[in-house]
Structures are given as C-alpha cells and as structure tokens.
1. Where does each of I61, I70 land when they are ranked from fewest to most other beta-carbon atoms within 10 angstrom?
2. Apply 1/(1 + (r/R0)^6) to the Cβ-Cβ distance of D59 and R10, taking R0 = 30 Å, and write down the FRET efficiency to the nearest 0.05.
3. Using 7 Å Cα-to-Cβ label points, what is the R31/N66 separation (nm, one decimal)?
4. When a footprinting reagent is the concern and you count Cβ atoms within 10 Å, what order do R31, R26, R10 take, fewest first?
5. To make sure I understand, if each residue's beta carbon is the centre and we count other beta carbons within 10 Å, what order do W42, W21 fall in, fewest to most?
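What follows is calculated from the coordinates using simple rules that are stated; it is not laboratory data. Keep in mind it's a predicted model, so treat the numbers as computed, not measured. We place every Cβ from the backbone using ideal geometry, glycine too, and count neighbours over all the protein chains shown.
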Amino acid sequence: MSTVVHSLPRPARLNFAGFCWYCGERGCENRGCVQMHAESYWGLCLDCDGSQNIGSESDSICRVCNGGLIEYGSAVSDQDGFGR
C-alpha cells in the first residue's frame, strides 16, 4: 500500500528557525537544496499516520516526520545522488 499522496502540500524547506531541511545551514540558498525540495514528493508518515503522535498517548510525539509527512524521494536525488 502506497502512502504517497501527490495532492499533499510539502513542508517548507526551511524550518521555523530558518535552517534547511537538507543541508542544515541557516538561511540556505543552495541551488541544489532548492531544486531538490521543489522536485520532492512527500507522503504520510508510516509511524504516526500523519498525526505526529505515536500510540495512544497524545504526548508521544513522532520523531520521524516533518509535520506528519516524510519525504519519499526527489527526481534530483534519484538521478544525481544529491541527498541528505
């Protein structure tokens, strides 16, 4: 069963503090990171089913995903080997 849903929005490339999801640099403007994010595809997290909670305890926050989503791949990373 595939959990990739192409209509889901992708999370921002920079986190709330301004750090890049790919390279970890603050304020990143790296062309490779920008391109990889633009061509990435995301789906629901398999660990939390997109809820960001694990198990029945609502305070057990999923440490795998980004807002309930995980990156399944990118046309750039699949072709060029650019990735995390």
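1. Values: I61 12, I70 20.
Fewest to most other Cβ atoms nearby, the residues stand as I61, I70.
2. Details: r = 27 Å, r/R0 = 0.89.
Computed FRET efficiency for D59 and R10: 0.65.
3. Output for this residue pair reads 2.1 nm.
4. Ascending Cβ contact count within 10 Å gives the list R31, R26, R10.
5. With the sparsest Cβ surroundings first, the list reads W21, W42.
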